[in-house]
1. Subtract the Cα-Cα distance of residue 8 and residue 36 from 0.36 nm times their separation in residues, and report this length gain in nm to one decimal.
2. For 21, 58, what's the fewest-to-most ordering of other Cβ within 10 Å of each Cβ?
3. Between the helical axis of 3-29 and the dominant principal axis of the chain, each derived from Cα atoms, what acute angle in degrees is found, rounded to the nearest 10?
4. Helix 34-60 sits at what angle to the longest principal axis of the chain, using alpha carbons and giving 0 to 90 degrees rounded to 10?
5. In Å, what Kirkwood hydrodynamic radius results for the chain from the alpha-carbon pair distances?
Amino acid sequence: MTSMMKMWISFASMGSMFLAIIMIYFSRYKIKPKFIRFITAFVAYILMIAGGLMMIYIVFSGPTY
């Protein structure tokens with residue numbers, strides 16, 4: 001895997017974690033209907049887990065030259 005591909009994967013993982021933080025905030029404090037709150041929080045936690053797994057893969061895959 002090239003260095004540029006690893007860079008884009010790490011940007012995607014950081015972006016998904018940032019989006020998850022915003023979605024969790026909105027689901028806890030701004031959205032009133034419980035069903036929409038649940039869907040928003042569920043998607044946010046899926047994004048957070050996916051972003052974390054991508055970041056773990058990038059960190060432990062080692063350096064590229």
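Only the coordinates and a few stated rules stand behind these numbers; no lab work does. Predicted, not measured: the structure shown is a model, and the values here were computed from it. Glycine gets a Cβ as well: all are built from the backbone with ideal geometry, and neighbour counts include every protein chain shown.
1. The span from residue 8 to residue 36 would gain 7.0 nm if fully extended.
2. So the residues, fewest neighbours to most, are 21, 58.
3. 10 degrees
4. So the inclination is approximately 10 degrees.
5. Values: mean 1/r = 0.0785 Å⁻¹.
Radius from the Kirkwood sum: 12.7 Å.
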